[in-house]
Amino acid sequence: MMHLLTSLDSILTIWQAITSGAVLDNPLILQSLLCLTFADIKKYHYYYWIAFPAVNYPDSTVCKETKKFCDYFTSDEVSQFLKSYDALLPSDKTLFLVFKENNGCTVHNLKEYENLKTNNGKIMLGFSDPSRYEKHPGWPLRNALALVAYHWGKDQANWDVVCFREYIKDGKRFNDQSIVISIEMNGNFPQICFLGEKLNQKLTPRKVDMSSSMDPTKLADAAVDLNLKLMHWRLVPDLDLQVIKSSSCLLFGAGTLGCNVARCLLGWGVRKITFVDNSFVSFSNPVRQTLFTFEDCLQGGKPKAAAAADALKSIFPGVESEGKTLSVPMPGHPVSENLLDQAREDVAQVEQLIADHDVIFLLTDTRESRWLPTLISASKGKATF
């Protein structure tokens, strides 16, 4: 509702400028546009809706004929047109009057109308046309015709309109796309309406997704990939980075080896890393194990697997990291009756974790703790280090 009220207010401002004659001093008012914007800051999505306020009377204007600019005017008249057009103030070049007589063709600002109509000659309307369609003028003509109908419609019902389209190419000036159209109007006052920019034939706002260039997480993701791509392009053309990036890695042990291997995998673009460990961070760990800090040791220490996973996410938010706190049953370490069910549950969980990951790293301190994961990995044909 708010954007409709804002658009209506803009239209009324233009209409008031037409009726008061303020447009004759400043034709730029007729080419006002309205841009409604909304920024979704969290997602870096930006929405905008451009409206072109215009007064319109669709049933009473008839375009009778269209000619090319160079066919309508002689070469001498074109030269005179350009010379007098260049002499106008920049603000007057948006909408102007063209006076054609036997002696030539000249361009004047809108305030000269009363003087021109006392002379013997033809008064035409001209405007800077943004359109590039061969037979169709741009939207600014709507408001220009409303001005003509209101102020000069009783003097002249038929108007030739110069749709002046000028561009520079290779340092040269061209106006070959300009056209002249013949318009027939009646004396009825126009009704007020507004036009909006259409997307797929629907009045709808446009959306710009700037997350790829503004979201810090995505910027970090792109930077990591770029370093690896540079190595691929310059040193190892046969390196398949996508295989590495899509591999899921399971790390048994979140100690000195586990922390350093995890960071190395992160540097190689691996996006899914899972830790398995049953111990807690102690005060002796942070100086050797690079994923932990002093705060992780407080209040008895955080579980190593979970703390390591959280640390990876703080280093690189794009990683999918998880920590599992569980004990791996070891040969030579008997399990008591009251822990038997828990041991079976741990074995089932270890087996499922190995099945769900592509590459297994055995980074624990003892052979016994590596025995069961090695056995399960071999049975499932997993790459194991």
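Read-outs: derived from the displayed coordinates by stated rules, not from any lab. Predicted model only: the values in this text are computed from it and were never measured. Note: ideal-geometry Cβ built from the backbone for every residue, glycine included; neighbour counts use all protein chains shown.
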* Structure fact -> To the nearest 20 debye, the chain has a Cα-centred charge dipole, built from +1 on Lys and Arg Cβ and -1 on Asp and Glu Cβ, of 400 debye
* Cα gyration tensor of the chain, axes a ≥ b ≥ c as square roots of the eigenvalues: rounded (a/c below 1.5), prolate (a/b > b/c) or oblate? -> prolate
* Asked: Taking 0.36 nm per residue of separation and subtracting the Cα-Cα distance, what length does fully extending V347 through K172 add?
  -> 55.0 nm
* On full extension of the chain, what length is gained from T293 through D365, given 0.36 nm per residue of separation minus the C-alpha to C-alpha distance? -> 23.8 nm
* **Helix 304-315 vs. the chain, principal-axis angle (Cα, 0 to 90°, nearest 10)** => 20 degrees
* For D76 and A355 in the same chain, what is the full-extension length gain: residue separation times 0.36 nm, less their Cα-Cα distance, in nm? -> 91.9 nm
* Go ahead and set up a Gaussian network model of the chain, Cα springs under 10 Å, then flag whichever of D238, D71, D86 fluctuates most. => D238
* Structure fact -> Total charge of the residues flanking V319 in space, meaning their Cβ is under 12 Å from its Cβ, with Lys and Arg +1 and Asp and Glu -1, is +1
* Structure fact -> Connecting every pair of Cα atoms under 10 Å apart in the chain and solving the GNM, the largest mean-square fluctuation among K83, K229, K172 falls on K172
* **Mean ellipticity per residue at 222 nm, deg cm²/dmol - from DSSP H runs of n ≥ 4 across the chain, formula -39500 (n - 2.57)** => -11000 deg cm²/dmol
* Asked: Cross-link partners among lysines for K67, C-alpha distance below 29 Å, same-chain residues fewer than 8 apart left out?
  -> K83, K93, K100, K111, K117, K122, K135, K154, K169, K172, K198
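For a test of the definition: using alpha carbon positions, the gyration tensor, and the 1.5 limit on a/c, classify the range 208-259 as rounded, prolate or oblate.
oblate
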* **Gaussian network model of the chain, springs between alpha carbon atoms under 10 Å - residue of D170, D365, D215 with greatest fluctuation** => D170
* For K324, go through the lysines and keep the ones whose alpha-carbon is under 23 Å away, minus same-chain ones fewer than eight residues off. => K245, K272, K302, K304, K313, K380, K382
